[in-house]
Structure formats: C-alpha cells, structure tokens
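Data first, discussion second: the structure below is written as structure tokens.
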Amino acid sequence: MSREHNSRLLLNATDGLMALVLAVGAVVLANQQSMPQGGLGEFLKLRITPLNTSFLIVFAVLWHQCMDALGLYRRVGGLLRFTLVTTTGVAIMTALLALYLEARRAEGPVPRILATFFIVAWVYEMFCFFLSSPRPRWKNGDPQQVVIVGSGRRAAKAWRELRVQHHGAKCLLGFVDDRDPAFMAPDIAGRFLCRIDDLPDYLLRHAVDELVVAAPARSCYDMTQRAIAMAEAAGVRVVCLNDFYCLIHDKKLRQRAAVFLELVPKDEAHLFAEAVKRTIDIVGSAACLLLLAPLFVVIALAIKLTSQGPVFFLQERYGWRRRRFRMWKFRSMVRNAPDLLIALEKQNEAHGPIFKMRNDPRITPLGRLLRRTSLDEVPQLWNVLLGDMSLVGPRPMSVRDVSHFSQAQLMRRFSVRPGMTGSCQVAARDSFSFDQWITLDFAYIDDWSLGLDLKILARTIPAVLKRSGAV
C-alpha cells in the first residue's frame, strides 16, 4: 500500500473526527460562564446536552460531506486551488456553527471562538494537503458506461486501456461502427452494438456516460463526426485517445498525459463552481431538514389521520447520468394510485410523454392542499442530502415518462442532477407544455452558474405562495 494511499486514508478517517473535536470545544466554550464547583466533569455534563450532542454528530458528518463535495479528498490542482477550496469549505462550516450558537443564544466570547475554530481548522486542512494527494475516482458500484467508436486497431487499444487503466471505474458497453461485423476481430464483433446511424436509438434506450473516439482520423472522419454530433446532442461526454495527435519531441508530456482526453473539458472555474453547488446542497438540505422536522411530524400525522396508506410515497425516477433513484414525497394520493394510472391515461391533459390531469381523482383532499403549497415535495431534501438530487435543476422524471421519449437528444436532461425547483417551477410551475419545459431545462443546462441557481432559489418561495400553475 503506497504512502499516498495511506495518507489519503488518514485524511478521510481523521477529518470528521477533527471537526467534531473542534466543534465540541467551540460549543462548550461558547456557553462558558463560570466553572461549577464540581470541576471540569460537572461543567461538561451541563454543556454536552442531548441537543448539543445531536448537533455535533450531524456537524461532523456534514463537515466530511462538505469537504468531499468541494474536492478536498481528491486531487484538485495546485496549492492555490487547494487553498481556495479549503477556505471556502471551512468558512461554510464555520458559518453553520455560528448559526447554531446564535440559535442557542450562547453568552461566551463567540466571535473569538469562531475565529479560533476557523484558523485551527484551516491550518489542519492545509497541513493535510502536504500529506496526501489522492486522485479522482468513481465508485466501483457505479462505473461509467462507455461506448467505443471504431472496430480496428485503435478501438482494440482503447478497450485494452479501459481494462487495464480504468478497471472497475469504466464499463464497456460495446462498439459502434459502419463496418460489417464480419470484417471485425471476433472479440470486437461479439460486442458490436449498432451502426452509426442507429446510435441515437441506442442512446435513447441505454444509459451511456462516455463515447470514446477510437477510429482512424483521416479515413473515418465523417463517421466519427456524425457519432460525436449524436453523442453531444444526447449529453454524452466525448473523449479520444491521447495519441489522437502525435507529439514528436515532448516524450515526457506524452507519458504524463491521461489515457483519454476529453474533447471539450470543463475549466477549473466551472469545476470549482460545481463543487460549491454540491456543498450548498449538502449544508442547505441538512439545515432545512433540522428546521422543518416539526413540520414533518405535523404533516405525517395529518396524512395518517385523513387517509389509509403510508406517510411517504417513494417512486423510481431518472436522475443524473440516467441512473434510477427512489424519490421521496409526502403521499398526496390514494395508496393504489400507480395501479389506477392505466385507466386514466386517456384523460391525460398534457402533450408529450408526461402525464398531467388537473382534477385527478386519485388525489386526496389533504393531498390537494399539500400539492398547492408544494409541501409534498419537502421530503426530497433527503434526496438532495444523499446526492440523488440538487436544490436547483431540471425536475426528475418518472420511469413511465422517460419510456415515452422518442428522441435521443432528450437524454441531455440527465447530464446534470435533477432539482427540487427549477426554471419551469419559478416561471409558471406546471402550466408549461412539454416542449416549453424541455426548452427551459436545456437553457438552464447551457447557461448554468451559481448566480442562476441563487436567482431560482430566491424566486421559488414567491412562486409557491402565488400557487401559479400548481395542481
């Protein structure tokens, strides 16, 4: 086991513990007035209450999630970039600690305590930078699904690199080419998927994360260009082998280069903004779940008292990278609502693959109120915390709706995490047609920025209060 791997394990194992220790000290000192007669033991007994203990545990978990979202546990560039990441993460968590102390009306020297907390935590994280330099990785349980364009020598090389360099992180679905499989090597012919013209249909029916261009550049230019255009329209990342263009003199550069090079890579600022977005999701959803816990109890009791069935409704939806996840909602319909949908299909009032019915007989009286106020969507904060969703993004679509898609370009919706609210929800909520809905979603994906997310969040509450377009 390498020194780099050991240091990475050390950082992951101690980071949350370090945050917990510092937070305990901050909470205890912020409530310090005078030392009781019983000494330190009696003092800690008075200060480490069940509420403080619960917060400290949640704080330690959120610390780890926040730093992971920002890329602290992965290689994020040089010292300048790491310093920016560390400062951002520590500042966010210090602000969360400050809010808790303010809510608890701490009477100690809170500003000095928070300043000390920030400095110590920042110094610790910077120290860890010099101990570890972990590399980015994908979870082995969810590898990237890869399709290779080509079927010759370069395609075989790309397949070999996937097996050797990306084992467990990337999974080959197969090869696409305009050549007859009879002229391909047997192992490649056995994994032949389709011709290039049939690629859109394949992308429509299968989750594909990456298209690897591994065909000869000169003789297959038109074919590869068509494949690239199809993949780009469907939101599939396009990469090529690092020897696509030959470098003659800089041998060391060739050796250091990645095996696969993304044709349109995201810049450092965009990657950092995405990390900040995920951090906001984690901290925001956790804080809202804590603050809204009493409301959860009230709604749950109301659902139980007014209709038969479970409190929560869990439904499979398509999310980021077209992966399925179970989305949480407060149940607003009768318990057998999915079974009744088939009989109501002819009364669908929406155009396109989605189902909308203004006077849906499956909705309970309480459920209608929950929907009008969007309170049925609040449990999705749990999906945001888990990473299945974001606070802002295109709304997640059901398996039923996606199965009715007829164009591969619609798959581009799944190139970002789905959100609790989005452009459609703040514009007119559910009153848009499907085509208008998709147009707004694609505009959000193309023009995304942190500022746009903040604008949508700011407009969400007024849109909910107006109940515009809600059903």
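The values are calculated or read from the model by the stated rules, or taken from the named source; none is laboratory data. Source: prediction; values computed, not measured. Because the Cβ atoms are built from the backbone with ideal geometry, glycine has one as well, and the counts that use them run over all protein chains shown.
From the residues in the stretch 160-177 that are surrounded by fewer than 16 Cβ atoms within 10 Å (Cβ to Cβ) and among the charged types (D, E, K, R), which one is nearest to the chain's Cα centre (by Cα)?
That would be Arg163.
Can you pull out the residues in the stretch 446-468 that are buried (at least 17 other Cβ atoms within 10 Å of the Cβ) and assigned to a helix (DSSP H, G or I)?
Asp453, Ile456, Leu457, Thr460, Ala463, Val464 - these are the residues of the stretch 446-468 that are buried (at least 17 other Cβ atoms within 10 Å of the Cβ) and assigned to a helix (DSSP H, G or I).
Could you run through the stretch 372-427 and say how many residues are surrounded by fewer than 21 Cβ atoms within 10 Å (Cβ to Cβ), on the phi > 0 side of the Ramachandran plot and within 19 Å of the chain's Cα centre (by Cα)?
Total satisfying the criteria: 1.
Take the stretch 384-434 and flag every residue that is in a loop (DSSP other than H, G, I, E, B) and aromatic (Phe, Trp, Tyr).
Result: Phe405, Phe432.
For Gln436, only one of the following conditions fails: (1) closer than 30 Å to Ala302 by Cα; (2) among the polar types (S, T, N, Q); (3) touching a Cys at 6+ places or on another chain (Cβ under 9 Å). What is its number?
Unmet condition: (1).
Kindly list, by first and then second residue, each pair from a residue in the stretch 158-177 that is assigned by TED's automatic domain parsing to the domain that holds Arg321 to a residue that is assigned to a strand (DSSP E or B) and surrounded by 17 or more Cβ atoms within 10 Å (Cβ to Cβ), limited to pairs with Cβ atoms under 6 Å and residues at least 6 apart or on different chains.
No pair meets every condition.
Tell me whether the stretch 78-87 contains one or more residues that are modelled with pLDDT of 80 or more, assigned by TED's automatic domain parsing to the domain that holds Arg105 and not hydrophobic (A, V, I, L, M, F, W, C).
Yes, the stretch 78-87 contains at least one residue that is modelled with pLDDT of 80 or more, assigned by TED's automatic domain parsing to the domain that holds Arg105 and not hydrophobic (A, V, I, L, M, F, W, C).
Between a first residue in the stretch 357-368 that is within 18 Å of Gln347 (Cα to Cα) and a second residue that is acidic (Asp, Glu) and at pLDDT below 90, which pairs have beta carbons less than 9 Å apart while being 6 or more apart in sequence or on different chains?
Once the first residue is within 18 Å of Gln347 (Cα to Cα) and sits in the stretch 357-368, its partners that are acidic (Asp, Glu) and at pLDDT below 90 give Met357/Glu349; Arg358/Glu349.
Quick check, is Phe260 in contact with a His (Cβ under 9 Å, 6 or more places away or on another chain), more than 21 Å from Leu385 (Cβ to Cβ), buried (at least 17 other Cβ atoms within 10 Å of the Cβ) and not small (Gly, Ala, Ser)?
Values: in contact with a His (Cβ under 9 Å, 6 or more places away or on another chain): yes; more than 21 Å from Leu385 (Cβ to Cβ): yes; buried (at least 17 other Cβ atoms within 10 Å of the Cβ): yes; not small (Gly, Ala, Ser): yes.
Answer is yes for this residue.
Find the helices (runs of 4 or more DSSP H) located wholly in the stretch 242-349 whose residues include 3 or more that are modelled with pLDDT of 80 or more, and list them.
So the answer is 268-291, 293-306, 337-344.
Let me spell it out: the conditions are (1) under 30 Å from the mean Cα position of the chain (by Cα); (2) modelled with pLDDT under 80, and Arg104 meets all of them except one. Which number is the exception?
The failed condition is (1).
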